[in-house]
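Reviewing the structure listed below.
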Amino acid sequence: MELTDFFPKDGHIQRNYCNKCDENLDLKFINFNEKVSGIEINVLDLPVLYCLNCKDYYLPDNSNYAIIHLHERATKSLINKIKIQRQKTNKNFDFGVVNFKYDSDDYEYIPGLRREWDKGFLTPVFFNKEVLLKYDVSPTYRLTFASTTYGNICRDDDYSIAFGINKNGKVVMWLGDISSLPEAEQYYLRSENIESDHSIGSEFYDGQIECKFTDLSKEDELYKSRSLFLEECFKKFNTKIAHLDEEVLNLSISFHSPLVNTDKEARHTADSLNKIYLESFDKKALGKIITKLGGNPENFGSIKRLRLLLELVTKDEDNIKTLMSPFYILYDLRVAYSHLGSKEGSTKRLSFIKERLNIHDESNLLDIYPLLIDSLNNSFKAFIELIEKYHDNKII
């Protein structure tokens, strides 16, 4: 390698994306041992940006500067070999009142985080994903999602803190944002605080640092619409009508569209969608709202209670019946693939599903799935508009 390889080319700035596949990079620490313009340079634990897909690494700006500096030292000392153990930065940025675990190397070496003002503000702090469940069950907080891996923790109009979920299922927030919370809330977060895994590449990073917003997948778009609907209901009724348990959170993060038309894939798809979009509704909370609206929840399940709530708000049963159809289709899809009934019964149920989706009877899961996702998304968007138009006083 030549020393000139470590100087930026034509003003190039290293970003946190692979030059080959454009995937997010992770911060890793390697044993760098290369001959650079005649001098053998060995650095233990040199920070690099690593692409898991291509198995390539890139040097952050500070690592490039370190190599240049070591070459200069060796040249001045008239030696042809130099070896050092890099010392971690171990900086305490003195944000907040609680001593959070974080790695200042993330701030110093991951592109886009360093800035001359509020030094250390954009240091990533990592948490177990269970921290989100704590906030979901709290009566004073809500979780809103822009996608399945990017959202906000909200408390009335007091504050809203962005979070991301990385590819390892870890929740990430900024140190500076956390420090703005009341002391009690910082301790609340600290209980789920974990060591950095140095993987920050996510929709959270793309949006917060790169201002990079790509088109959402159908699945992310649906999850976002669900989140917006739940938030609108909270604003109107001061009640959370759905809960986020660990299974729902895990499913929403890992769920993807079916790849093959098999019974196993169909069961997984139908079961996962049911858990996320039907079973997560809080039957008791829906009943409470219905009662305050003057209705009777009786012994209805969550789907019928959601339908009744919307009918009470809009006084338009026919429209709500149409909008609720995708939810009944989803329920029927799970039953059809559950093996709880007869083969004949499953076939009839699937035929009825296809009839309501207006597709031919020879269609399979790969035909049903995108239409169902679109229908659910459109229904949630319509629900949002209906709740927004509901002008009665907020129910307390």
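When the listed pairs K28/K101; K134/K354; K101/K284; K167/K235; K9/K81 are checked against a 29 Å cut-off, the alpha-carbon distance exceeds it for K134/K354; K101/K284; K167/K235. Normalised by 2.2 N^0.38 Å, where N is the number of residues, the alpha-carbon radius of gyration of segment 242-293 equals 1.44. Taking 7 Å steps out from each Cα toward its Cβ at L366 and K167 produces label points 2.6 nm apart. Taking other residues whose beta carbon is less than 10 angstrom from the beta carbon of K81, and scoring Lys, Arg as +1 and Asp, Glu as -1, yields +1. Shape analysis of segment 36-162 places it in the prolate category; the axes a ≥ b ≥ c from the Cα gyration tensor give an a/c of at least 1.5, with a/b above b/c. Annotation for segment 161-221 versus segment 332-382: alpha-carbon center distance of 36 Å. Averaging the sequence gap over all C-alpha pairs within less than 8 Å and six or more residues apart, then dividing by the number of residues, gives the chain a relative contact order of 12 percent. Within a straight-line Cα-Cα reach of under 16 Å, K264 can be paired with the following lysines, leaving aside sequence neighbours fewer than 8 residues apart in one chain: K343. A value for percent of Cα pairs over 31 Å apart was derived from the coordinates, and within the list [x] 44; [y] 50; [z] 36 it appears as [y].
Considering only DSSP beta bridges whose two residues both sit in the chain, what percent are antiparallel, to the nearest 5?
Details: 33 of 38 bridges.
Antiparallel bridges: around 85 percent, rounded to the nearest 5.
The Rg/Rh ratio for segment 21-93 is 1.03, where Rg is the radius of gyration of the alpha carbons and Rh is the Kirkwood radius.
Derived value for segment 218-388: Kirkwood hydrodynamic radius 16.6 Å. Basis is the mean of 1/r over every pair of different alpha-carbon atoms. Looking at segment 3-85, the DSSP beta bridges with both ends there are about 70 percent antiparallel.
For segment 292-396, the relative contact order is 28 percent, taking Cα pairs closer than 8 Å that sit 6 or more residues apart in sequence and dividing their mean separation by the residue count. With angles folded into 0 to 90 degrees, how steeply does helix 283-292 sit against the dominant principal axis of the chain? Use alpha carbons for both and round to 10. Here the helix axis deviates by roughly 60 degrees. Computed from phi, the 3J(HN,Hα) profile of segment 307-312 under the Karplus parametrisation 6.51, -1.76, 1.60 (θ = phi - 60°) reads 4, 5, 4, 5, 5, 5 Hz, with x in place of Gly and Pro. Contact order, relative form, for segment 104-208: 30 percent (alpha carbon pairs under 8 Å, 6 or more residues apart, mean separation divided by residue count).
Bear in mind these aren't lab numbers, they're just calculated from the coordinates by the rules spelled out. Here the structure is a predicted model, which means the values were calculated and not measured. Cβ: placed from backbone, ideal geometry, glycine included. Neighbour counts: every protein chain shown.
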